[in-house]
Each structure stands twice: as structure tokens, then as C-alpha cells.
Amino acid sequence: MKWIDVRDIAIALSEKFPDTDPRSVRFVDLHNWVVDLDGFDDDHGHGGEKVLEAIQATWIDEAD
């Protein structure tokens, strides 16, 4: 997975952290969780605020 795979990342996070409310996740934690996902293979430095916002918003959609 790459940072641009926002939906795949959000699905993976919702499966890995099913009891977590994505609205309560800090971006620092979100970044760390994404780079620790199985299959994630991208430059850690490319996970800026905009992409983290997109991942969080998609995760919220998946959780609802």
C-alpha cells in the first residue's frame, strides 16, 4: 500500500482497530499506525496532514 491508497488504508485500519473511534485518533498516532500496517510500503515522510485527514475521513465513513 502507498499513501495514495486512502480507502485501502482506511479499511485496513478499521479491521486492525475495530474498537477505535477514528474521530479520536491523533495524527501522530494515525501516521504511526499506517506505516505499521502489513503491506504498507511507501516513504514515511509523504504522510502529511492532508493525506492523514483523507485517511481519517475515509475511516470515519467506513466505521459509520
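Would you mind giving the three semi-axes, in whole Å and largest first, of the ellipsoid equivalent to the stretch 6-63 according to its Cα gyration tensor?
Details: eigenvalues 51, 31, 20 Å².
They are 16, 12, 10 Å, listed from largest to smallest.
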Could you size up the charge dipole of the stretch 6-63 around its Cα centre, putting +1 on the beta carbon of Lys and Arg and -1 on that of Asp and Glu, and report it in debye to the nearest 20?
200 debye
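We did not get these values from a lab; they are worked out from the coordinates using the rules stated. Keep in mind that this is a model prediction, so the values were computed, not measured. Backbone-built Cβ (ideal geometry, glycine too); neighbour counts: all protein chains shown.
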